[in-house]
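Here is the structure we will look at.
The values are calculated or read from the model by the stated rules, or taken from the named source; none is laboratory data. Note that this is a predicted model, so its numbers are computed, not measured. Positions of Cβ are generated from backbone atoms using ideal geometry, with glycine treated the same way; all protein chains shown enter the neighbour counts. Areas reflect the complete protein model, heavy atoms only, side chains present, ligands, DNA and RNA absent. Shrake-Rupley method; radii C 1.70, N 1.55, O 1.52, S 1.80 Å.
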Amino acid sequence: MPIFGTDTSDQAGKFSCASTTQRTLKDLRTKRKGQPVFVVGHRLERKGKEATFEVFNDRLAIIRFDDDAKLGYDPLELLLPTEIDEQGVAYFEIRTCRQCEQFFPLTADECDADEEPTLCPDCAS
């Protein structure tokens with residue numbers, strides 16, 4: 001299975017969180033095995049679940065769920081965590097855009113702001 005754009009080095013513990021320029025797995029320049037993601041994809045029984053990125057197979061990101069099920073998703077359907085604590089536990093603050101009704105993750109700064117955004121970055125710009 002080909003692995004493209006994946007870093008499986010011993011830096012695998014350094015995972016990315018949502019930022020103003022990176023909110024989905026597709027946005028990440030380097031995708032590391034074990035990266036926590038939140039699934040907003042097409043399979044209803046898995047929608048809204050947390051998982052971890054494994055590898056790329058063609059254009060699909062293969063992710064693993066807690067029950068060891070592995071499925072392929074478009075990287076745009078995989079949202080990044082808002083924060084990862086010192087123990088490596090990922091926290092997701094996912095909101096629905098008031099205008100387009102798509103899910104989007106908040107950044108840590110947006111969570112701490114007095115007023116959270118109600119529009120996704122695409123609709124806000």
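Here are the numbers for the structure shown:
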{"item": "Every pair of residues 6+ apart whose Cβ atoms lie under 9 Å, when the first sits in the range 104-125 and is farther than 14 Å from Glu83 by Cβ and in contact (Cβ under 8 Å) with a residue 12 or more places away in the chain while the second is in a helix (DSSP H, G or I) and among the aliphatic types (A, V, I, L, M)", "result": "Pro117/Ala124; Thr118/Ala124"}
{"item": "Residue check, Leu119 surrounded by 14 or more Cβ atoms within 10 Å (Cβ to Cβ), hydrophobic (A, V, I, L, M, F, W, C) and under 15 Å from the mean Cα position of the chain (by Cα)", "result": "no"}
{"item": "Members of the range 81-116 that are touching a Phe, Trp or Tyr at 6+ places or on another chain (Cβ under 9 Å), open to solvent by less than 30 Å² (accessible area, probe 1.4 Å) and hydroxyl-bearing (Ser, Thr, Tyr)", "result": "Thr82"}
{"item": "One residue from Leu71, Leu78 being open to solvent by less than 50 Å² (accessible area, probe 1.4 Å), in contact with a Gly (Cβ under 9 Å, 6 or more places away or on another chain) and within 15 Å of Asp27 (Cβ to Cβ)", "result": "Leu78"}
{"item": "Odd one out for Lys70 among (1) out of contact with any Lys or Arg (no Cβ under 9 Å at 6 or more places or on another chain); (2) over 16 Å from Ser19 (Cα atoms); (3) charged (D, E, K, R)", "result": "(1)"}
{"item": "Within the range 52-68, considering residues that are out of contact with any helix residue (DSSP H, G or I) (no Cβ under 9 Å at 6 or more places or on another chain) and closer than 14 Å to Arg32 by Cβ, the one surrounded by the most Cβ atoms within 10 Å (Cβ to Cβ)", "result": "Glu54"}
